[in-house]
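Participant: Got a structure for you, questions after.
The values are calculated or read from the model by the stated rules, or taken from the named source; none is laboratory data. Just so you know, these numbers come straight off a predicted model, no measurement behind them. Please note: Cβ atoms are built from the backbone with ideal geometry, for glycine as well, and neighbour counts cover all protein chains shown.
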Amino acid sequence: MRPVPLRLLPETSEVIDGVLHIGGCNTLDLAAEFGTPVFVYDETHLRNRCREAVAAFGPGVAYATKAFLCTAMAQLAHQEGMHLDVATGGELQVALLSGVPAEHLVLHGNNKSMAELRMAVEAGVGRIVVDSFDELDRLDELANETGTAPKVLLRLTPGIKAETHEFISTGQDDSKFGFTVSNGTAAAALQRARSSDSVELVGVHAHIGSQVFAAGSLGRATEVLAGIANEYEVEELSVGGGLGVAYVDDERAPTITEWGRVVREACRDAGVSARITAEPGRSIVADAAVTLYTVGTIKHLPGIRTYVSVDGGMSDNPRPVLYGSGYETFLPRAVAADRPQAVTVVGKHCESGDILVRAGALPEDLAVGDVLATPVTGAYGHSMGSNYNKVLRPPVVFVADGEARLVVRRETFDDLIRLDV
């Protein structure tokens, strides 16, 4: 197989003397300094994607923090003009502690607790995206306590099934999220919110799924929202997120700019006067990062396959296990090398399903001790990571202008018992 496609690597990637450099930093040196596994993020890439999102959708476009969140990421997105989309009290707390103004936060969630809603109202978050009649009941109760009517958007389910994995498809009628348009539930919720003294209805929202490659699906969802936005004369229309990214050689994805163009054209054709916002997450961070591992075991099973075991696994990237997601793999010491050896890259967990790259390819001279990389791991690796088998969660390093800075330290064995009583 040919060398790993450079288009899957972070923007500032360079190959110098055969070795991958990101942000002016030698990745082999990073592996030696910070250990492996380690998430390496290209800070310039992150900033450029944030700027692209603001240019495509304007002020108010919100970074979906579920894709990847730490204080450094929250601060970076805020510095580049993005608002932040948070979906739990925990994400809200991290954003606030990072110094992001509460009015630049959007609170999501299909089952927000009273405590989370109270936390949001007391902090003064800019928008609450309401997901159910039960949530409207809770906001009624909260308004009676506080005398505050927060600004809200209603999340609508437009009846559009995205071309993506069923576990991350959310726009079809059969969904745990939102008020369904086709059966009249959305209309009833809009009427209630508009007449309520407990909330200030400012807009509508929809999200049809994640890892969506067909911009047309996102455009059709916008068309449904546009009619409702016009009918109820709301000031904001949020098209959510879900734009896909390419993980492997044969995938192609629209850019944030192209997505924004499709959405704006649909809104213009529908005569929408509301402010258009969006919530990109994966497309901001996914291809900004690579994960570096160390090869510990190579097991050849003649006529069957070759297993390459690394020092991480499903605890730092559960996507292959959850969704059957595909990844590329390569050796940072030989980026331009052909990869004729078919391998399956597996982790160190006590699970046969602990597979990182099922159909990988590597150079023939692969050896124990090599640093191995998987690209496009900036989204849903760190954020979905776990301590399964009490494996220590990896550190996160931002690189730029030849400098590497640790933004999340590696866990220690002491961390594993810090909550035990």
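Participant: Among the candidates Gly178, Gly147, Gly209, Gly216, single out the residue that is modelled with pLDDT of 90 or more and within 30 Å of Pro320 (Cβ to Cβ).
Facilitator: After applying the criteria, what remains is Gly178.
Participant: Across region 1-17, what is the number of residues that are part of a loop (DSSP other than H, G, I, E, B) and of a type outside the set (D, E, K, R)?
Facilitator: Here is the first cut: in region 1-17, the ones part of a loop (DSSP other than H, G, I, E, B) are 1-5, 9-13, 17.
Now drop any that are not of a type outside the set (D, E, K, R), which leaves 1, 3-5, 9-10, 12-13.
Selection size over region 1-17: 8.
Participant: Same structure, new question: Quick check on this structure: which one of Gly347, Gly281, Gly260, Gly312 is touching a residue at least 60 places away in the same chain (Cβ under 8 Å), closer than 20 Å to Asp370 by Cα and crowded, with 17+ Cβ neighbours inside 10 Å?
Facilitator: Among Gly347, Gly281, Gly260, Gly312, only Gly312 is touching a residue at least 60 places away in the same chain (Cβ under 8 Å), closer than 20 Å to Asp370 by Cα and crowded, with 17+ Cβ neighbours inside 10 Å.
Participant: Could you say whether any residue in region 205-223 is in contact with a strand residue (DSSP E or B) (Cβ under 7 Å, 6 or more places away or on another chain), closer than 26 Å to Asn110 by Cα and in a helix (DSSP H, G or I)?
Facilitator: yes
Participant: Counting only residues that are small (Gly, Ala, Ser), in a helix (DSSP H, G or I) and out of contact with any strand residue (DSSP E or B) (no Cβ under 6 Å at 6 or more places or on another chain), how many does region 92-119 have?
Facilitator: 2
Participant: Among the residues of region 47-68 satisfying the criterion of being outside any loop (DSSP other than H, G, I, E, B) and of a type in the set (Phe, Trp, Tyr), which is nearest to Val408 (Cα to Cα)?
Facilitator: Taking the candidates together, the pick is Tyr63.
Participant: Of Leu20, Leu76, Leu30, which residue is part of a helix (DSSP H, G or I), outside the structural domain of Thr180 (by TED's automatic domain parsing) and either surrounded by 24 or more Cβ atoms within 10 Å (Cβ to Cβ) or touching a residue at least 12 places away in the same chain (Cβ under 8 Å) (or both)? Before you say what the answer is, go through the steps one by one.
Facilitator: On the way: Leu20 fails: part of a helix (DSSP H, G or I); Leu76 fails: outside the structural domain of Thr180 (by TED's automatic domain parsing).
Every option except Leu30 fails the conditions.
Participant: A further question follows. Quick check on my filter: what residues within region 79-108 are surrounded by fewer than 23 Cβ atoms within 10 Å (Cβ to Cβ) and either without any contact (Cβ under 8 Å) to a residue 24 or more places away in the chain or polar (S, T, N, Q) (or both)?
Facilitator: The answer is Gln79, Ala87, Thr88, Gly90, Gln93, Ser98, Pro101, Glu103.
Participant: Go through region 175-196 and report how many residues are among the charged types (D, E, K, R) and either part of a strand (DSSP E or B) or touching a residue at least 60 places away in the same chain (Cβ under 8 Å) (or both).
Facilitator: Qualifying residue count, region 175-196: 1.
Participant: Just checking, which of Arg155, Arg127 is crowded, with 21+ Cβ neighbours inside 10 Å, closer than 29 Å to Glu251 by Cβ and either touching a strand residue (DSSP E or B) at 6+ places or on another chain (Cβ under 6 Å) or at pLDDT 95 or above (or both)?
Facilitator: Arg155
Participant: Ok, one more. Before we move on, is Val290 under 22 Å from the mean Cα position of the chain (by Cα), assigned to a helix (DSSP H, G or I) and under 30 Å from Ile256 (Cα atoms)?
Facilitator: no
Participant: Return the pair list, or none, for Cβ contacts closer than 9 Å from residues in region 391-405 that are closer than 16 Å to Leu292 by Cα and touching a residue at least 60 places away in the same chain (Cβ under 8 Å) to residues that are of a type in the set (Asp, Glu) and assigned to a strand (DSSP E or B), at least 6 apart or on different chains.
Facilitator: Matching pairs, first to second residue: Phe398/Asp42; Val399/Asp42.
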